[in-house]
Amino acid sequence: MNQSKHSIPLQGIAAAPGLAYGPVKKITTEIQRDVPRSQENNPVEQQARMDTAVRAARKEISNIKSRISVQTNSNDAQIFDAHLSFLNDPVLIKKVSNMIGQGWNAEAAWIDTIDYFEKQLKKLNDPLLQARAMDIVDVGKRVLDHLMDQSDSLIISPEQPVVIAADDLSPSSTATLDKDAVLAFCLAGGSATSHASILAKALGIPAVVGLGEQFNRISENDQILINGSTGNVVVNPTPEQVETYHREKDERHQVELTDRSNANLPAVTRDGRQVLVVANIGSAEDAANARRLGADGVGLLRTEFLYLNHDHMPDEESQVLVYREIADIMGNLPLVVRTMDIGGDKAVPYLGTKDEANPFLGWRAIRMIDERPDILLSQFRSLLRGFANSQLHIMLPMVSSLDELEKALEIYRTARSQLLSEKALMAEEVKFGIMVEVPATAILARQFARHVDFFSIGTNDLTQYTLAVDRTNQRVAHLSSYFHPAVLQLIKMAIDAAHQEGKWVGLCGEMAGDPLAIPLLLGLGLDEFSMTPNSIPQAKRLIRSFDLAQSQEIAATALQYAHTAEVKEYLNGQKH
């Protein structure tokens, strides 16, 4: 460490948990603009070069997606579906081909087209679509590398362990980070829900994003401390700060080893109240990982992957095969399956989804029921058959009215009736529930509870809709917190209403696995905590460290605060 430099504390957004310390490696993420340009070329030859480069890029992206799926045991690899869709976009392909037809070389045609689409996306009012500009630049770099016979400029592979510092990181660059050489990364831009943050969390790489102008205070080869759990960054830390870092890292490692060894123990409070700690999954690989890490079942099986990975509607038999594979892995443990939550940030053209001005408020999830009841009917049939021997729980996403619930229940009854007449083997004791992620549903929770068997609170969307904050928008991301007093009140309303009707409540947003939130949720009476599999061992240990009366007191006190910061400060003082 260069001790002549002053220690500089910075504060960014916590993106991926963990501690790291090492030298800074600053990188640029700009696409190469100075490509060869000429307009006296053979169009057939240039188009052949273009087609070869696109095919190579498509193969690489598919390989990255497959590798990330295996490495992370999650469905985060679906980020790369957007990249593949760009390479298949007929408008983009036609624009490139038109320039090549005018005699332009492939490099010039490609970079001009990428520049055009990048600018168009950045002009849009929708922050989500603006963020897609990073995706198209990412794809642009990959194809350009092949056209210019360059090594992959998206791969970041430093010779020694470093902390990467950049304006932003593309999904491809993040996905290919060498975990042995990249200790962590910090970004000037980004949000906690950006693609780089999502992948960093899945890969286990500590990350801090959203540093803004503070980023300019970081120089090449500075020594830097990163706390991805708090968003704290220290440039050129003091010897005392470095010593504290090493001590905390060793302590965390020992705790993690102990948590893993105790992962299969039940989550029982000190005074005997047992809750379920279950997993959010999106594949058979996730299910296997959840079992290894002590999951008491599945609290959220996302079914979108069945639809996002196809260019056509998957047939019933293919759905059944996937569900049976997951059922075999989970055995007799309870399974909560969310019906298709397509729309919002997940566009699937063959289902009739379109780009919308406000996609998270648009035609998505259960709202597709009027125009496409066939999708839900097919899924109900597949679920009943695929989980015939399981403890099956089916839940509907984005419900905001009793009308939607009643229509879905009618389709469900039709599915059961059809399978009965076909003498098909199907699940018998099925529980039916809804997600509470729209404020209207929490407000009317007592009425909804009379028609279902359970609730599952989706705090990611509930927070977004309650606070009117787009969680993908960097400029307002800091306003989004499930510790906001209004969000906490809605969670309490939903739990209280369900319990008054004798129904149980789970929570499957990020909040369920947040160590700060666990005693609060225990005190509010939550029955089931559903989280990413890697969070399960720690969550179980924390639950075992509290008693019910203590957690109820914590919840009652937290609900009295009027500011998010006050809630978090108080809860920070209650951690075990």
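The values are calculated or read from the model by the stated rules, or taken from the named source; none is laboratory data. The shown structure was predicted, so the numbers you read here are calculated from the model rather than taken from an experiment. Neighbour counts are summed over all protein chains in view; Cβ atoms, including those assigned to glycine, are modelled from backbone coordinates with ideal geometry. All accessible areas refer to the heavy atoms of the entire protein, side chains included, with ligands and DNA or RNA removed. Shrake-Rupley method; radii C 1.70, N 1.55, O 1.52, S 1.80 Å.
Annotations
- Environment charge of Ser417, counting only residues whose C-beta is closer than 11 Å and scoring Lys/Arg +1, Asp/Glu -1: +1
- Paired Rg and Dmax values of the chain, which use every Cα atom, in angstrom: 24.8, 81
- Per residue Cα convex hull volume in Å³ - calculated over segment 1-53: 217
- Coil-residue GluC sites (Glu not before Pro) of segment 199-305, DSSP, other Cβ within 10 Å capped at 12: Glu220
- Counting all C-alpha pairs of segment 191-245, share separated by more than 15 Å (%): 54
- Remark: segment 292-299, residue by residue, has Karplus-estimated 3J(HN,Hα) of 4, 9, x, 4, 7, x, 10, x Hz, where x stands for each Gly or Pro and the curve is 6.51 cos²θ - 1.76 cosθ + 1.60 at θ = phi - 60°.
- MRE, 222 nm, helices only [DSSP H, n ≥ 4, -39500 (n - 2.57), over the chain, to nearest 500]: -14000 deg cm²/dmol
- Added length on full extension, which subtracts the Cα-Cα distance from 0.36 nm per residue, Arg217 to Gln11: 73.0 nm
- Counting only DSSP beta bridges whose two residues both lie in the chain, roughly 35 percent are antiparallel.
- The heavy atoms of Ser421 present about 90 square angstrom of accessible area, all protein chains included, probe 1.4 Å.
- Proximal charge balance of Val268 [Cβ under 10 Å; K/R count +1, D/E count -1]: +3
- Toward the positive end of the charge dipole of segment 402-448, with +1 on the Cβ of Lys and Arg and -1 on the Cβ of Asp and Glu, the farthest Cα among Ala445, Met435, Ser417 is that of Ser417.
- Cross-link pairs Lys407/Lys503; Lys5/Lys179; Lys25/Lys179; Lys407/Lys540 - those with Cα-Cα distance over 26 Å: Lys5/Lys179; Lys407/Lys540
- Cα gyration tensor shape for segment 449-576, rounded if a/c is under 1.5, else prolate or oblate: rounded
- 3J(HN,Hα) along segment 24-41, derived from phi through the Karplus expression 6.51 cos²θ - 1.76 cosθ + 1.60 where θ = phi - 60°, amounts to 7, 10, 8, 10, 9, 10, 6, 7, 5, 9, 8, 9, x, 9, 7, 10, 10, 10 Hz, with x in place of Gly and Pro.
- Whether segment 144-274 is rounded, prolate or oblate, judged on the alpha carbon gyration tensor where a/c under 1.5 counts as rounded: prolate
- Long-range amide H partners of Val298 with built H, under 5 Å: Ala279, Leu335, Val336
- Mean accessible surface per residue for the chain, computed with a 1.4 Å probe while every protein chain stays in place, in Å²: 43
- Segment 97-117-segment 183-216 distance, computed between alpha-carbon centres (Å): 33
- Normalised contact order of the chain, rounded percent, pairs of Cα under 8 Å and 6 or more residues apart: 15
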